[in-house]
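The next block holds one structure in the form of structure tokens; read it before the comments.
The values are calculated or read from the model by the stated rules, or taken from the named source; none is laboratory data. Computed from a predicted structure; not experimentally measured. Ideal geometry is used to build each Cβ from the backbone, glycine not excepted, and the neighbour counts take in all protein chains shown.
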Amino acid sequence: MLIDSHHHLWKYSAEQYGWIDESMSVLRRDFLGDELRQVAAESGVDGFVSVQARQTVQETEELLRIADNEPLIRGVVGWVPLADPNVGDALDRFEGVAKLKGIRHVVQDEPDDRFLLGADFNRGVSQLHDRGLVYDVLIFAKQLPAAIEFADLHTNLPMVLDHIAKPTIASAEFDQTWADHLRELARRPNLTCKFSGVATEVRDADWSIETIRPYWDVALEAFTPSRLMFGSDWPVCLLKTHHRRWLDTVRELAAELTADEQQAIFADNAIRAYSLA
């Protein structure tokens, strides 16, 4: 079985997806059910986790509507205004919606590198556990110190770290600060990590498996095969790679692991972390 733990869908509009700038022309089109089924056929994906790409409750509702009619989508990570005093009302709208598995905030875009430690935000996050929801942590590597403190505030809340915390990747220099902080964060057993979105963080014009390998080695050591999962970050990955090339790269990196360990990374860990059907 193959579960892609991280992908996006959107009906493109420049107004709604302002983060897709002119340098990202490959993303300036619709990515919906038809495109997802094509990727699944080409790469042999059995199920996906759809993740929010803009911070509106409306998008969360749209993703859930798509998921209701698309068996390939096993779960959705949506958005609600976690720092809003009325976040409970927003969460109540989704009570009993089986395919809503988690909530994410685009912390990487917050100007304050310690945004994760805000009191209002944490009051909202504290409501997720009792509702059976996961929190997806989307940050840049520079925000890892705050993420470590944040994780210590919510030791009982399952969390998933997106994109190995987006290190700065260049063939000429390894991001050692990222590595040190990632290892520290991984000591928190309630976190699972997605090996996704890595190719897009490469600063070189192109990349090879050897560019990626040092980051795989650190993530695998830190989280072990029991808490690391495959994700594509499709279609954002198209900025640097295609779905199948990324999948083949991670499969090659994982080739020396046991069959059970590979099964954990490519399916079982995502199924467990998100309680996928």
Worksheet item: Can residue 154 be described as surrounded by fewer than 20 Cβ atoms within 10 Å (Cβ to Cβ), in contact with a strand residue (DSSP E or B) (Cβ under 8 Å, 6 or more places away or on another chain) and in contact (Cβ under 8 Å) with a residue 24 or more places away in the chain?
Response: yes
Worksheet item: Any chance the range 118-132 includes a residue that's under 15 Å from residue 190 (Cβ atoms), among the aliphatic types (A, V, I, L, M) and at pLDDT 95 or above?
Response: yes
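Specify the residue that is nearest to the chain's Cα centre (by Cα); the eligible residues are those in the range 41-65 that are among the hydrophobic types (A, V, I, L, M, F, W, C) and buried (at least 18 other Cβ atoms within 10 Å of the Cβ).
Result: 51.
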Item to complete: Find the residue count for the range 220-239, including only residues that are crowded, with 18+ Cβ neighbours inside 10 Å and in a loop (DSSP other than H, G, I, E, B).
Response: 6
Worksheet item: Looking at residue 88, is it surrounded by 15 or more Cβ atoms within 10 Å (Cβ to Cβ) and either at pLDDT 95 or above or in contact with a Phe, Trp or Tyr (Cβ under 9 Å, 6 or more places away or on another chain) (or both)?
Response: no
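Being in contact (Cβ under 8 Å) with a residue 40 or more places away in the chain and farther than 27 Å from residue 269 by Cβ is true for just one of 83, 98, 90, 53. Which residue is that? Let's see the steps before the verdict.
Details: 98 fails: farther than 27 Å from residue 269 by Cβ; 90 fails: in contact (Cβ under 8 Å) with a residue 40 or more places away in the chain; 53 fails: farther than 27 Å from residue 269 by Cβ.
Answer to the check: 83.
Could you go through the range 163-175 and let me know if any residue there is closer than 26 Å to residue 93 by Cα and of a type in the set (Val, Ile, Thr). If you could, list the steps in order and put the result at the bottom.
Pass one, the range 163-175, residues closer than 26 Å to residue 93 by Cα: none.
Checked against the condition, which is being closer than 26 Å to residue 93 by Cα and of a type in the set (Val, Ile, Thr), the range 163-175 yields no hits at all.
Does residue 165 satisfy the criteria of being at pLDDT 95 or above, on the phi > 0 side of the Ramachandran plot and either among the hydrophobic types (A, V, I, L, M, F, W, C) or over 16 Å from the mean Cα position of the chain (by Cα) (or both)?
Values: at pLDDT 95 or above: yes; on the phi > 0 side of the Ramachandran plot: yes; either among the hydrophobic types (A, V, I, L, M, F, W, C) or over 16 Å from the mean Cα position of the chain (by Cα) (or both): yes.
So residue 165 passes the test.
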Worksheet entry | Cβ-Cβ under 8 Å pairs, at least 6 apart or on other chains, the range 102-118 side under 21 Å from residue 76 (Cβ atoms), far side surrounded by fewer than 17 Cβ atoms within 10 Å (Cβ to Cβ) | 105/55; 106/55; 109/19
Practice prompt. Quickly run through the range 226-277 and pick out the residues that are of a type in the set (S, T, N, Q) and without any contact (Cβ under 8 Å) to a residue 40 or more places away in the chain.
Written response: 258, 262
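Going through the range 11-29 one residue at a time, which ones are hydrophobic (A, V, I, L, M, F, W, C) and free of Cβ contacts under 8 Å to residues at least 12 places away in the same chain? Even if it seems obvious, please write down each step before you answer.
From the range 11-29, those hydrophobic (A, V, I, L, M, F, W, C) are 14, 19-20, 24, 26-27; that's our starting set.
Within the range 11-29, 20 is the sole residue that qualifies.
Out of the residues in the range 172-184 that are assigned to a loop (DSSP other than H, G, I, E, B) and surrounded by 15 or more Cβ atoms within 10 Å (Cβ to Cβ), state the one that is farthest from the chain's Cα centre (by Cα).
Step one: filter the range 172-184 for residues assigned to a loop (DSSP other than H, G, I, E, B), giving 172, 174-175.
Imposing the further condition that a residue be surrounded by 15 or more Cβ atoms within 10 Å (Cβ to Cβ) reduces the set to 174-175.
Working: 174: 22, 175: 20 Å.
For the range 172-184, the residue satisfying everything is 174.
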Discussion item. Restricting to the range 250-277, name every residue that is surrounded by fewer than 20 Cβ atoms within 10 Å (Cβ to Cβ), of a type in the set (Ser, Thr, Tyr) and on the phi < 0 side of the Ramachandran plot.
Written reply: 258
Worksheet entry | Counted residues, the range 241-268 - those being within 17 Å of the chain's Cα centre (by Cα) and charged (D, E, K, R) | 1
Item to complete: List the number of the failed condition for residue 187; all other conditions in (1) farther than 29 Å from residue 25 by Cβ; (2) of a type outside the set (Asp, Glu); (3) at pLDDT below 95 hold.
Response: (3)
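Kindly evaluate residue 140 against the criterion of being buried (at least 23 other Cβ atoms within 10 Å of the Cβ), without any contact (Cβ under 8 Å) to a residue 60 or more places away in the chain and out of contact with any Gly (no Cβ under 9 Å at 6 or more places or on another chain). Before you say what the answer is, go through the steps one by one.
Working: buried (at least 23 other Cβ atoms within 10 Å of the Cβ): no; without any contact (Cβ under 8 Å) to a residue 60 or more places away in the chain: yes; out of contact with any Gly (no Cβ under 9 Å at 6 or more places or on another chain): yes.
No; evaluated as a whole, the condition is false for this residue.
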Fill in: Set 61, 35: member being at pLDDT 95 or above and farther than 11 Å from residue 100 by Cα
35
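Could you tell me whether residue 256 is part of a loop (DSSP other than H, G, I, E, B) and not polar (S, T, N, Q)? Give the steps one after another, and end with the answer.
Values: part of a loop (DSSP other than H, G, I, E, B): yes; not polar (S, T, N, Q): yes.
It is true that residue 256 is part of a loop (DSSP other than H, G, I, E, B) and not polar (S, T, N, Q).
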